[in-house]
Each structure stands twice: as C-alpha cells, then as structure tokens.
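To start, the structure under review is shown below, and the notes come after it.
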Number of protein chains: 2
Amino acid sequence: MYLYSNILGVFVFNQNLQIREKVLFSEQESREYLKILEKGEIPSQEKIFLEKFKSIKNLRLEPDDSVLSVINTLLMDFKDMFYERNLYLTKTQIRESVTDDLLIIQVSSSIMELGKSINLLTKRLREWYGYVLPEVEDKLQDNSAFSERVIEGYDRLRADFAVINGMGKKLSAEDMAEIKDFADSINLLQRQKESKELFLEKIMRKTCPNLTEVAGHLTGAKLLAIAGSLRNMVMMPASTIQLLGAEKALFRHMVTKSKSPKHGVIVEHPLLQRVSRQDKGKAARSLADKISLAVKVDYFKGNFIGDKLKAELEAKFR
Amino acid sequence: MYLYSNILGVFVFNQNLQIREKVLFSEQESREYLKILEKGEIPSQEKIFLEKFKSIKNLRLEPDDSVLSVINTLLMDFKDMFYERNLYLTKTQIRESVTDDLLIIQVSSSIMELGKSINLLTKRLREWYGYVLPEVEDKLQDNSAFSERVIEGYDRLRADFAVINGMGKKLSAEDMAEIKDFADSINLLQRQKESKELFLEKIMRKTCPNLTEVAGHLTGAKLLAIAGSLRNMVMMPASTIQLLGAEKALFRHMVTKSKSPKHGVIVEHPLLQRVSRQDKGKAARSLADKISLAVKVDYFKGNFIGDKLKAELEAKFR
C-alpha cells in the first residue's frame, strides 16, 4: 500500500495501484499543508491514515519513480483541480510575500526619489531665477526654502535682501508667471516628501519599533531598503549593517587596497554626526551592533527594548 | 598734448600733463562709448576734440606707459565716479546678456528635467502599485497615463483589465491613500511639463520662428540648449549642428575608431523618424543644412523663410 499526498489531498493506493481512500483538501487546508511541509512535519490528515493503517507492514510513504509515474497517471482525473489549486496557492503566496517591510522600502525609496527630483528641479530654478535676481541666489543655500521664497515674489525678495541697484533683468509678467509655476511644482514635491516622511515614521514605529528607535526612521528605512527586507537584515552580521550603503567604497578597498570604509548610511545618524573624526569608526561599530540587535527583536516580535539600547549607546558616547 | 578717453569721458592733457579740457559722459553715453569701442570706431566726442586740435602736430592718441601712469594719478580725482560708472556698466552688461534665447534654454532644460523626474517617480509608482495590481503594470506601458489610471482608482482599473482573481494584495485604505497622493504629485509634474511645452512653443515661434518651423520647437530648443546660445549656433557649421547631442558617440568614434555618429538630437525630428535606415544619414545632413540656414536668418532678424525651407526638405524626402 502507498500513502501519497500533494496539495489536493491525501491518497491511499492499494497493491494494484488503485485509489483506495482519499481526503481532498479545501483551499485553506492546501495552504496549511504547504506550511507544514515547509517545517518538515507530517500533515495531520496524513497522520490519520498512518494511524488507521498502522497494522499494515508495507505501507510506504515514498513511492519509487516507477510507481510515482503510475500514480501521476491515476491522478490525471484531478488535473484541472490540480491546476486551479496550484494557481490559487501561487497567487496566495505572491500576495502574502508583500510584507510590511516591503511597503516601508517603497515609501523610503519614494522619499529618496522625491528628494532627487527636488534637487534636480531646484538647480534649474536657481539658474533660471538667477537671471531675475542674481544677488539672492547664493544667499539662499537651502533648497527647500528657495522655491518658497520664489513663490513669495520678486518684490518681497528684493526688499528682504536689500537689492537696490540689481544686475537682474526684469522679465515680462508672463515669464515671471512661468517661473512661479515651476517653483509651485517643486514646492508641491517638497510637501509630498514631508508627508511621506511622516507616514514612513508611522509605519516604521509600527513594523520595526526597535530599529526605528535606535537608527531613526529615515536611516532605518534606508538600511532596510539596501538590505532588501527585514529578514535579510536579520541574517546580516553587525559588520555588514555597519557598511550598508558603502558598497562602492568597500569594493574599491578590496580591489585597489584603498582605505576601508568605516560606515555606510548610518553615518547620517545623530550619534555619528556628533563624535569626533577619530571616534567615528568606533561609534559606527557600536551603533551597528545595537541596530543588529534591534532588528532581530523586531523580526521575532520581541518586546520594545529600543529605548534601553539607545540609552546604552548615549551613555557610551557622552 | 595728449588725448585720452575712458568710460568717464574724454580728457585733453597739455604738455605739462595737466587736464586742459574734458567732456564727462552721462551713463547712457558711457554705454555708447563702450559699444563704439567694440566696433573699433572713434567716439564722436573724441572726434570733436580731434577736429578742434587738428592744427596741433603733436596731439597723441596713445600715451606711452610712463605718461599713462601720470595720467592715471591725475584721474584719481575721478576715482569714486570711475568705480560707480564701472559698476553701473557691468550691471547693465550682465542685465543685457540675458537674451531671449537664454530664457528658451531654461524653459527647454526645465522640460527635460521635469521629464526625468516624472520617469524616476513613475518607476517607483509602478513598483509600489505592483503590490496592489501586478496584473496591470505591464499592460500600461505609457508612463504619463500610468499615474492617471492609478488616481482613477483600484476598482476602475480592476474592472477595465478584468482582474478577477488577482495576485495583488489589498492594502489598507491609508496605504492606498499614500499611493494615490504620490500619483497625484507625478500627475501635477506631468501637467507642469505640458504647460511648459506650450510656453516653449510660443517663445520659440517668437524668438526664432525659422528654427522652430524647420526643427520643431522641442528639438530646436534642445539644439539651442546644447549649443549654449543662438549666437553660438549661428557660428557652427551645419555638420556640427547635425551632431549636436551625439558628442559621446563622436568622441568614442575619434578615440576607438568605432562607427561615426550620423545624427544627434535631430534624430527626433519627424523627417528622420520617417526615412529608412540607410537614408537617415543623408536626411540628417539635409535637415542640419536647413536648420543652419534657419538659425542664421533668425539671428540676423531676417524674414520668415521657415515654410519654404521646410517645403524643400519635404520635397526632397517624399
């Protein structure tokens, strides 16, 4: 006798390779079956049969290839059902693969790309507006403020920066309106970026509270994006986390024996901004250690220890 | 006696190097003085003195260095006036350097950069929305349409593409709102780009009607942007115009003896899109010839011959 199971159910074949008994799975049971298989355990439905036929000595669980091909022929009756169930399971798995950390990565990447666009367009606005008020351009270093000031208008800007006998050209009202429109677009992107940053902080605090507390929501999300997923990050040693984002410098170091990088994106962390140059490497290592811990606690749904980890770090680099 | 002039006016010195007579310029006259000097002509005020003192044999126009240093000391009285006049003239020249073709270049560049930003952000939107409706993504190739369809909403899209048992994950209302907001921003950039394209066509038709007619306003403006100014473009041979935008391929050809490029940005022109592959080089050359002509007519404010040039081109490649 053979006991055979797949996503459709459990089948018992007799010596003549005819189906003697069978249990068909519901869609839900098919999913559970796959999950149990992944764990290397025996599905409960199979266990029932094993119990029932335990007196039979030659009940075989792993049919050899020749028997398997016969079994597959016998199961041709279930072909359509097999196809449908398979499609259902694949779709379900795809759906379930969209985890919260992947959504975080999309939000974080969208913030980075909004930032890139804002910079690109603000550079253009600076050059364009430089024709109108060249005196003001280098006094307004802040990109996010620049478009706002342009929107406020020429007269206001000229007054604020005391430009009396300027070298700018007074453009036509139509030209000025086009510049203002352009600044409006940049400003809207800026506001979109800010709103995405708020949203990112919210979902970061929900999905990975410890990572967020230790690394900050922006840096934490960047690390996630480079690692690809929370799961990937959990499996990384702290030294890898320390260098995430410094891949280029690392490979250059490996090829040309140039200086090895001390930190990747974690350099943006307030702690690393604060410490002196010679302490940066040490601080980066400590920070990466704590991040590595925080990520593991987040992944395995542990308690909130972010504040404790952060306090330890703060104490070390006072 | 010495006749000496600068932006302040014309000075006549006697043998003892004392100012004997002088005419001071108004600001307007200073500007005219510079323009006349550029042409290599003699300013009218200087001519008056030359006429007046023509009986004097040793009236010298170009004092040697030792005399010049004495003259400069004598003119120290005019130091402040000289500084102010110089500043005024420089500012005026800077102001006058902002010509219509430079404004066109800003508008054209802003369109290119809006396009780049739209592409970058739409790529992100596609990936993000791929979690929700993976079935739709590759059926909506058009980037500008994509954000609009996302804004129209999930239900509408699902109905239009007959997605019944999809593999997308139904995200929370909050997640969906963030995606829609992001799509809204892209859509606004798209509208800004379209409005800038309309404005570009308008100022192109006004500033360089012949170039616009022959090359089209988008391609024409790109050529202008690469050349740097209408003046630069006027001084280019047609063969250079033909290759504007293909600099990389050209230098690669010069260094590695790879195939020489046949055309730069003019490849976008409808004419070049229409002709067969083997005719592309020939068509590019003809088009560049006509563009070269059109640009010269525009720069020297000639009559409108764009329609004639275009008709000749059309006739050649029917």
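The set of residues in the stretch B:217-261 being in contact (Cβ under 8 Å) with a residue 12 or more places away in the chain, of a type in the set (Gly, Ala, Ser) and over 18 Å from B:LEU103 (Cα atoms) consists of B:ALA238, B:SER239, B:GLY245, B:ALA246, B:ALA249.
When you look at B:SER185, is it surrounded by 19 or more Cβ atoms within 10 Å (Cβ to Cβ), farther than 25 Å from A:SER97 by Cβ and at the interface with chain A (Cβ under 9 Å from one of its Cβ atoms), yes or no? So B:SER185 fits the description; yes. Screening the stretch B:200-216 for residues that are surrounded by fewer than 21 Cβ atoms within 10 Å (Cβ to Cβ) and in contact (Cβ under 8 Å) with a residue 12 or more places away in the chain and picking the one that is farthest from the other protein chains (Cβ to nearest Cβ) gives B:GLY216.
Just name the residue that is modelled with the highest pLDDT out of those in the stretch B:20-57 that are more than 28 Å from B:GLN93 (Cβ to Cβ) and among the hydrophobic types (A, V, I, L, M, F, W, C). Only one residue tops the list, namely B:PHE53.
State whether the residues of the stretch B:30-46 include one that is over 30 Å from A:TYR129 (Cα atoms), in contact (Cβ under 8 Å) with a residue 40 or more places away in the chain and of a type outside the set (Ser, Thr, Tyr).
For the stretch B:30-46, residues over 30 Å from A:TYR129 (Cα atoms), in contact (Cβ under 8 Å) with a residue 40 or more places away in the chain and of a type outside the set (Ser, Thr, Tyr): present.
Restricting the stretch B:84-119 to residues that are over 11 Å from the mean Cα position of the chain (by Cα) and of a type in the set (Asp, Glu), the residue that is farthest from B:GLY228 (Cα to Cα) is B:GLU84.
Restrict the check to the stretch B:149-158 and report whether at least one residue is crowded, with 21+ Cβ neighbours inside 10 Å, aromatic (Phe, Trp, Tyr) and either at negative phi or not assigned by TED's automatic domain parsing to the domain that holds B:ILE241 (or both). No. Look through the stretch B:159-169, keep the residues that are in a loop (DSSP other than H, G, I, E, B) and hydrophobic (A, V, I, L, M, F, W, C), and return whichever of them is surrounded by the most Cβ atoms within 10 Å (Cβ to Cβ). Result: B:MET167. Considering every residue within the stretch A:78-95, establish whether at least one is under 30 Å from B:THR122 (Cβ atoms), touching a helix residue (DSSP H, G or I) at 6+ places or on another chain (Cβ under 9 Å), in a helix (DSSP H, G or I) and not assigned by TED's automatic domain parsing to the domain that holds A:LEU188. Within the stretch A:78-95, one or more residues are under 30 Å from B:THR122 (Cβ atoms), touching a helix residue (DSSP H, G or I) at 6+ places or on another chain (Cβ under 9 Å), in a helix (DSSP H, G or I) and not assigned by TED's automatic domain parsing to the domain that holds A:LEU188. Being within 9 Å of chain B (Cβ to nearest Cβ), out of contact with any strand residue (DSSP E or B) (no Cβ under 6 Å at 6 or more places or on another chain), among the basic types (Lys, Arg) and closer than 30 Å to A:ALA227 by Cα holds for only one residue in A:LYS123, A:LYS170, A:LYS196, and it is A:LYS196.
Condition check ((1) closer than 25 Å to A:VAL107 by Cβ; (2) at pLDDT below 95) across all residues:
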| residue | (1), (2) |
| --- | --- |
| B:GLU135 | yes, yes |
| B:ASP138 | yes, yes |
| B:ALA145 | yes, yes |
| B:PHE161 | no, yes |
| B:ILE164 | no, yes |
| B:MET167 | yes, yes |
| B:ASP184 | yes, no |
| B:GLN190 | yes, no |
| B:THR207 | no, yes |
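Of the residues making up the stretch B:1-27, those that are under 17 Å from B:PHE82 (Cβ atoms) and either within 46 Å of the chain's Cα centre (by Cα) or not in a strand (DSSP E or B) (or both) number 14.
Determine which member of the set B:ASN187, B:ASN232 is under 27 Å from B:VAL265 (Cα atoms) and either touching a strand residue (DSSP E or B) at 6+ places or on another chain (Cβ under 9 Å) or in the same structural domain as B:ILE104 (by TED's automatic domain parsing) (or both). Among B:ASN187, B:ASN232, only B:ASN187 is under 27 Å from B:VAL265 (Cα atoms) and either touching a strand residue (DSSP E or B) at 6+ places or on another chain (Cβ under 9 Å) or in the same structural domain as B:ILE104 (by TED's automatic domain parsing) (or both).
Scan the stretch A:7-24 for residues that are touching a Lys or Arg at 6+ places or on another chain (Cβ under 9 Å) and over 14 Å from A:ILE48 (Cα atoms) and the total you get is 4. When the stretch A:126-150 is limited to residues that are touching a helix residue (DSSP H, G or I) at 6+ places or on another chain (Cβ under 7 Å) and of a type in the set (S, T, N, Q), the one that is nearest to the other protein chains (Cβ to nearest Cβ) turns out to be A:SER147.
Go through the stretch B:170-179 residue by residue and tally those that are in a helix (DSSP H, G or I) and surrounded by 18 or more Cβ atoms within 10 Å (Cβ to Cβ). Summing the residues that are in a helix (DSSP H, G or I) and surrounded by 18 or more Cβ atoms within 10 Å (Cβ to Cβ) in the stretch B:170-179 gives 3.
The values are calculated or read from the model by the stated rules, or taken from the named source; none is laboratory data. Model, not experiment: these values are computed from the prediction. Neighbour counts run over all protein chains shown; Cβ positions are idealised from the backbone, glycine included.
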